[in-house]
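Trainee: Structure below; questions to follow.
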Amino acid sequence: MKRRHILLATGGATLLAAPSLHAQGARWPDREITILVPFGAGGSTDVSVRAVAAEAEKTLGVPIQIVNRVGGQGTASLIQLAQARPDGHTLGSAAMSGLAIAPHMLDVPYNLDSFAYLSGAARFLYGIGVKADGPYSTIQDLFNAAKARRITFSATGPPNNLGMFELNRKYGTRFHFIPFQSGAEAVTAVLGGHVEATSQTPPEMIPAIQSGRMKLLAASSPARWKEFPDVATLRESGFDVTIESLLGFIAPRATPADRLATLSDAFRRAAEAPALEAALERFGMVPAVMDGQTFERAIREGHARFGEQLREAGLARR
């Protein structure tokens with residue numbers, strides 16, 4: 001009896017211990033992950049995030065659901081993410097607009113320390129365009145005109161307009177911002193002769209350029225546009241100005257380190273996937289693979305730089 005009792009006790013201890021051992025070795029993630037996107041479905045950011053998520057699913061082994069949270073200049077999703085349970089199952093896509101720009105313009109209940117930075121995935125492209133049959137053949141022509149008089153330009157807001165403000169600050173040009181609700185409206189304003197130039201992204205500008213109605217004078221992002229490789233960047237043209245805007249992924253700050261490592265690896269691999277480059281190009285973006293530390297550093301540098309530019313332009317909140 002005594003021996004039987006000991007065996008039962010030992011067996012019982014083994015059975016009781018088994019769930020604990022299983023939990024320690026359980027694979028994570030073990031269920032669906034949600035990514036909050038700060039813009040509407042079908043837009044360039046939304047579609048690009050979906051393309052990255054589709055690749056990340058292959059590494060993580062669980063579905064990734066995209067939830068669009070629109071509002072507050074890209075801040076609605078970040079507000080929700082900052083308040084989310086830090087278990088790695090709720091993530092956010094993040095760009096300069098919500099992290100590095102909006103906090104200077106709006107009173108938001110988060111800051112750069114509210115999040116853990118997983119990886120950078122893509123860089124937005126920007127350019128300066130004019131009406132094809134207008135008086136400006138080169139970026140130097142437009143620059144000379146803006147030194148002599150006020151030149152109106154259309155844009156949807158930061159960061160599109162900040163490159164033009166930086167030209168004003170550094171070189172004494174007189175570019176005057178006319179805001180529009182959408183990139184399509186900003187381009188239409190140029191084609192209709194209502195403004196003289198626009199600072200916009202490729203998806204809105206390329207159809208007008210390819211149809212011969214608009215001319216791309218310069219790429220204002222760090223890289224040239226693949227569709228127009230002969231058009232130089234502002235920096236290559238002698239103007240020390242660039243618009244830098246990145247797309248990446250973040251999580252609530254208190255997410256466990258091992259889960260952050262798993263997520264960072266998956267999204268970095270996704271950004272490196274050959275299929276992603278073609279998907280991004282359709283929406284005016286190029287791959288920009290960064291680890292979490294590099295992405296965070298870029299966001300913090302952008303926050304400082306954009307803050308100065310917004311204050312100089314009188315757009316920062318008081």
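Trainee: Can you name the residue in the stretch 183-205 that is farther than 16 Å from P159 by Cβ and without any contact (Cβ under 8 Å) to a residue 60 or more places away in the chain and is also surrounded by the most Cβ atoms within 10 Å (Cβ to Cβ) among such residues?
Mentor: Ranking the candidates gives V187 first.
Trainee: Scan the stretch 248-262 and report the pairs whose first residue is among the aromatic types (F, W, Y) and whose second residue is surrounded by 15 or more Cβ atoms within 10 Å (Cβ to Cβ) and in a helix (DSSP H, G or I), with Cβ atoms within less than 6 Å and a gap of 6+ or a chain change.
Mentor: Pairs found: F249/F267.
Trainee: Can I ask one more? With assigned by TED's automatic domain parsing to the domain that holds R50, of a type in the set (G, A, S) and part of a strand (DSSP E or B) as the only criterion, which of G92, G88, G74 stands out?
Mentor: G92
Trainee: Go through the stretch 166-213 and count every residue that is of a type outside the set (D, E, K, R) and either closer than 22 Å to V286 by Cα or under 21 Å from the mean Cα position of the chain (by Cα) (or both).
Mentor: Number satisfying all stated conditions: 20.
Trainee: What strands (runs of 3 or more DSSP E), lying completely within the stretch 214-318, carry at least 3 residues that are within 15 Å of the chain's Cα centre (by Cα)?
Mentor: 246-252, 285-291
Trainee: OK, next. Could you check the stretch 34-47 and list, in sequence order, the residues that are surrounded by 21 or more Cβ atoms within 10 Å (Cβ to Cβ) and either more than 18 Å from A122 (Cβ to Cβ) or modelled with pLDDT under 90 (or both)?
Mentor: Scanning the stretch 34-47 gives F39, S44, T45.
Trainee: If I ask for residues that are under 15 Å from G129 (Cα atoms) and polar (S, T, N, Q), which ones from the stretch 164-193 would you list?
Mentor: Answer for the stretch 164-193, where residues must be under 15 Å from G129 (Cα atoms) and polar (S, T, N, Q): just T188.
Trainee: Another question, then. Kindly indicate whether A132 is out of contact with any helix residue (DSSP H, G or I) (no Cβ under 6 Å at 6 or more places or on another chain), hydrophobic (A, V, I, L, M, F, W, C) and modelled with pLDDT under 95.
Mentor: Criteria not met by A132.
The values are calculated or read from the model by the stated rules, or taken from the named source; none is laboratory data. Just so it is clear, the structure is predicted and the values come from calculations on it, not from any experiment. As a convention, Cβ positions derive from the backbone with ideal geometry for all residues, glycine included, and neighbour counts pool all protein chains shown.
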